[in-house]
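Step one of this worksheet: look at the structure below.
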Amino acid sequence: MQLPIYQADAFTSELFKGNPAAYVPLTRWLDDQLMQQIAAENNVAETAFTVPAGNGFELRWFTPGEEVPLCGHATLVTAHLLWTELGCTDDALHFFTRSGELIVRRDGALLALDFPAQTNSEIPLGEEYASALGAQPLRALEVVGSKDQLLVEFGSAAEVAELSPDMRAVAALPYKGLICTAPGKGSEFDCDFVSRFFAPAIGIDEDPVTGSAHTRLVPFWAQKFDKTRLSARQISARGGALDCELQGERVIMRGHATTYLRGQISV
């Protein structure tokens, strides 16, 4: 069986920056194991798969290790490729996912993700987090009832930039990923807030730019700064920039995408 495959870099206008994602458009769902094998073979943070449905597309995302319930950058890449490579002309694309309906709109030269906002609740911070990250956080917050991602706040952007985690120790923590964040104003990054994302438990030591994390970061920093429009930078080695906005119970994340690969796979 021959399948088309594409790859693009999200949240960047420069090739080899931002977060790469692969995209495989389907006419019907493949076996879950086969999609997982394709994602493992691609070995990028996420591979997205779609099937046409109603006025949009069913959308699923796989890391090299498992299927995930939400992925921002691969959704941005999918929309970018549907518009630039696969002939879609609608100004808004609708995706039906395990996390509900997601929308991507054209917004001038940018693409705008429209995702549900997630609120955070502070939890006690054990010594194991400082040990795993190699630095002492100020506090930690989780989505109530979720062990998906833990939001960890630091006092400065420099602390986040200098983190060198023990990935084995991070993987052993009771969360699939750690979002490490700090204010960005007055730092070399010149933005409202910075972040990094570590998820070795699901096969991603460090994700270059994480859209799903910003559904938590934006409400957190919007409340702290008392404003709804925020500039963000994820300060991984590749780096990426997001123009973010809190609109009630939705988070809008705007960014660019750049196509890297067009091809075909045999499975």
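The values are calculated or read from the model by the stated rules, or taken from the named source; none is laboratory data. Worth saying up front: this structure is predicted, and the values here are computed from it rather than measured. Cβ: placed from backbone, ideal geometry, glycine included. Neighbour counts: every protein chain shown. Surface areas here come from the heavy atoms of the whole protein model, side chains and all, with no ligands, DNA or RNA. Shrake-Rupley method; radii C 1.70, N 1.55, O 1.52, S 1.80 Å.
Normalising the average separation of contacting C-alpha pairs (under 8 angstrom, six or more residues apart) by the number of residues puts the relative contact order of the chain at 23 percent. The residues neighbouring Phe225, those whose beta-carbon lies less than 14 Å from its own, together hold a net charge of 0 under the Lys/Arg +1, Asp/Glu -1 convention. Expressed as a whole percentage, what fraction of the accessible surface of region 1-44 belongs to carbon and sulfur atoms when a 1.4 Å probe is rolled over the protein heavy atoms? Roughly 47 percent of what the probe reaches on region 1-44 is carbon or sulfur.
Looking at region 162-267, the GluC sites (Glu not before Pro) that sit in a DSSP loop and have at most 15 other Cβ atoms within 10 Å of their own Cβ are Glu162, Glu188, Glu249. The separation of region 7-66 from region 181-202, counted between C-alpha centres, amounts to 25 Å. Summing +1 for each Lys or Arg and -1 for each Asp or Glu among the other residues whose beta-carbon sits under 12 angstrom from that of Arg254 gives -1. Over the chain, dividing the summed -39,500 (n - 2.57) contributions of all DSSP H runs of at least 4 residues by the number of residues returns a 222 nm mean residue ellipticity of -6000 deg cm²/dmol. One decimal place: the segment Asp91-Val51 gains 12.5 nm when fully extended, by the rule 0.36 nm per residue minus the C-alpha distance. With K and R counted +1 and D and E -1, the other residues having a Cβ less than 12 Å from that of Thr78 yield a net charge of -2. Pull up the cross-link candidates among the lysines for Lys224, meaning alpha carbon to alpha carbon under 27 Å and not fewer than 8 places away within one chain. Those lysines meeting the cut-off are Lys147, Lys176, Lys185. Of the peptides 208-221, 23-36, 250-263, 113-126, the ranking by mean beta-carbon count within 10 Å, highest at the top, reads 208-221, 250-263, 113-126, 23-36. Annotation: aspartates and glutamates with alpha-carbon distance below 12 angstrom to Lys227 (same-chain offsets under eight excluded): Asp192, Glu245. When both bridge partners sit in region 143-267, DSSP labels roughly 70% of those beta bridges antiparallel.
Taking the 1.4 Å solvent-accessible surface of region 70-196 as the whole, the part contributed by carbon and sulfur is 47%. Taking the longest Cα principal axis of the chain as reference, the axis of helix 211-225 is set at about 40 degrees. Enter the angle in degrees (range 0 to 90, nearest 10) between the Cα long axis of helix 32-42 and the first principal axis of the Cα atoms of the chain, meaning the one along which they spread out most. Tilt of helix 32-42: around 70 degrees. Once volume of the Cα convex hull per residue in Å³ is calculated for the structure shown, the corresponding label among (1) 122; (2) 228; (3) 240 turns out to be (1).
Principal-axis analysis of the Cα atoms of the chain puts helix 72-84 at an angle of about 30° to the longest axis.
Solvent-accessible area per residue in region 50-202 equals 42 Å², computed with a 1.4 angstrom probe and all protein chains kept.
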